[in-house]
Amino acid sequence: MLLISDCKILSSKISKLKKLGKKICFIPTMGNLHAGHLKLIREGKKENQVTLLSIFVNPLQFDDSSDYQNYPRTFEQDKKLASKEDVDFLFMPEENFILKKKVSFELGDISKKLCGNQRKGHFQGVAAVIIEFLDLIKPNIIFLGEKDFQQIIVIKKIIKDLNYNTKVKIVSTVRDKDNVALSSRNKLLGKNAVLSVLIPKTLIQITSEIKFGNFKSSRIEELKNDLINKGIKRVDYLEILKEKDLNFPDNQFSKCRIFISVRIGSVKLIDNMKLDRRIRYEDGKLIEEKLV
């Protein structure tokens, strides 16, 4: 594994590899590597091409300075894990990698929903660093985790609108024994970690109620209140939206997901779950498409 922090050196290495006909599989992370990240790396290794892992805690995508300062940083451990996974290149740029850059990109309505509504400027920060990475690395494939589904949509838009020749591969969310989505922030929960199981339980409950055909739209508020009553500090959002544009379901069957964001103490956790069948909105209920 080659550890690089200088952009010019990385660019030179990539240029030589491209001339040899090699493809670059890029896995962007903010470090504090866990099993979810390792799955991304392993999926990249399956391509039998060059794997490039980045670790960069991007200050521009944090709307809260204390959240940025407290974000888990385990760089030495991350280096060992990346080496053990046989990553070809580990790119760990300095903070000024992005602070000196100004990127203007129109993200559209998708960036204003869910996390975009709760965290002002978050997706603009994501866009800035992703554009910088794509310009520098010019990857053939980028591997992204399903847990950050809204971010995936934003990155896909960037790639399409700016004509990058990069394919997106989505890797399914890795969960622990209690079905909680793995996240670098989970270790910040402390004694409140027991509350995190309420997140997947709520998602599974919604999928079950929709399947049995008795899920009314008013049920969302009941479930939010239930989470608060059980110890969740705040529910930033709990919504069922179309996958393609994050709009609410209408009278046409569409592929949808349940999206959730909660605060447990001072820690923000997000998750989402795909509904098995397409759904539509009818007479105050969400109706699942029946298989013929």
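The values are calculated or read from the model by the stated rules, or taken from the named source; none is laboratory data. Everything numeric in this text was worked out from a predicted model, so none of it was measured. No Cβ is skipped: glycine too gets one built from the backbone with ideal geometry, and neighbour counts run over all protein chains shown.
For segment 246-265, filtered to residues that are in contact (Cβ under 8 Å) with a residue 40 or more places away in the chain and over 16 Å from residue 206 (Cβ atoms), the residue that is surrounded by the fewest Cβ atoms within 10 Å (Cβ to Cβ) is 265.
For the residues 271, 276, the requirement of being at pLDDT 95 or above, within 29 Å of residue 170 (Cα to Cα), touching a Lys or Arg at 6+ places or on another chain (Cβ under 8 Å) and not aromatic (Phe, Trp, Tyr) singles out 271.
Yes or no, residue by residue, for (1) under 27 Å from residue 32 (Cβ atoms); (2) outside the structural domain of residue 96 (by TED's automatic domain parsing):
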site	(1), (2)
113	yes, no
126	yes, no
135	yes, no
150	yes, no
161	no, no
199	yes, yes
205	no, yes
216	no, yes
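Does residue 280 satisfy the condition of being more than 20 Å from the chain's Cα centre (by Cα) and part of a strand (DSSP E or B)? Answer is yes for this residue.
Being surrounded by 14 or more Cβ atoms within 10 Å (Cβ to Cβ), over 23 Å from the mean Cα position of the chain (by Cα) and not in a loop (DSSP other than H, G, I, E, B) is a property that residue 14 has. Only a single item in (1) farther than 27 Å from residue 38 by Cα; (2) of a type outside the set (Ser, Thr, Tyr); (3) touching a strand residue (DSSP E or B) at 6+ places or on another chain (Cβ under 6 Å) is not met by residue 243, and it is number (1). Listed by first and then second residue, the pairs linking a residue in segment 275-292 that is under 19 Å from residue 202 (Cα atoms) to a residue that is charged (D, E, K, R) and assigned to a loop (DSSP other than H, G, I, E, B), with Cβ atoms under 7 Å apart and 6 or more places separating them unless they lie on different chains, are 277/289; 279/289; 288/277.
Being within 30 Å of residue 72 (Cβ to Cβ), charged (D, E, K, R) and surrounded by 14 or more Cβ atoms within 10 Å (Cβ to Cβ) is a description that does not apply to residue 280.
Taking the criterion of being modelled with pLDDT under 95 and hydrophobic (A, V, I, L, M, F, W, C), would at least one residue in segment 178-188 satisfy it? Scanning segment 178-188 turns up at least one residue that is modelled with pLDDT under 95 and hydrophobic (A, V, I, L, M, F, W, C). Out of 258, 240, 220, 199, one residue alone is under 29 Å from residue 62 (Cβ atoms) and touching a Cys at 6+ places or on another chain (Cβ under 9 Å). It is 240.
Taken over segment 65-113, the criterion of being loosely packed, with under 12 Cβ neighbours inside 10 Å and assigned to a loop (DSSP other than H, G, I, E, B) is satisfied by 86, 94, 95, 100, 102, 104, 106.
Looking only at residues in segment 45-73 that are among the polar types (S, T, N, Q) and modelled with pLDDT of 95 or more, the one that is farthest from the chain's Cα centre (by Cα) is 51.
Scanning for something in contact with a strand residue (DSSP E or B) (Cβ under 8 Å, 6 or more places away or on another chain), within 21 Å of residue 183 (Cβ to Cβ) and not basic (Lys, Arg), does segment 119-128 turn up at least one residue? No, because not a single residue in segment 119-128 is in contact with a strand residue (DSSP E or B) (Cβ under 8 Å, 6 or more places away or on another chain), within 21 Å of residue 183 (Cβ to Cβ) and not basic (Lys, Arg). Residue 1 falls short on exactly one of the conditions (1) surrounded by fewer than 18 Cβ atoms within 10 Å (Cβ to Cβ); (2) under 30 Å from residue 119 (Cβ atoms); (3) touching a helix residue (DSSP H, G or I) at 6+ places or on another chain (Cβ under 6 Å), and that condition is (2). Kindly provide the set of residues from segment 236-292 that are more than 24 Å from residue 117 (Cα to Cα) and touching a Leu at 6+ places or on another chain (Cβ under 7 Å), ordered by number. Selection gives 279 alone.
Residues checked against (1) in a strand (DSSP E or B); (2) under 18 Å from the mean Cα position of the chain (by Cα); (3) free of Cβ contacts under 8 Å to residues at least 60 places away in the same chain:
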{"position": "134", "(1), (2), (3)": "no, yes, yes"}
{"position": "143", "(1), (2), (3)": "yes, yes, no"}
{"position": "170", "(1), (2), (3)": "yes, yes, yes"}
{"position": "173", "(1), (2), (3)": "no, yes, no"}
{"position": "187", "(1), (2), (3)": "no, yes, no"}
{"position": "191", "(1), (2), (3)": "no, no, yes"}
{"position": "196", "(1), (2), (3)": "no, yes, no"}
{"position": "199", "(1), (2), (3)": "no, yes, no"}
{"position": "214", "(1), (2), (3)": "no, no, no"}
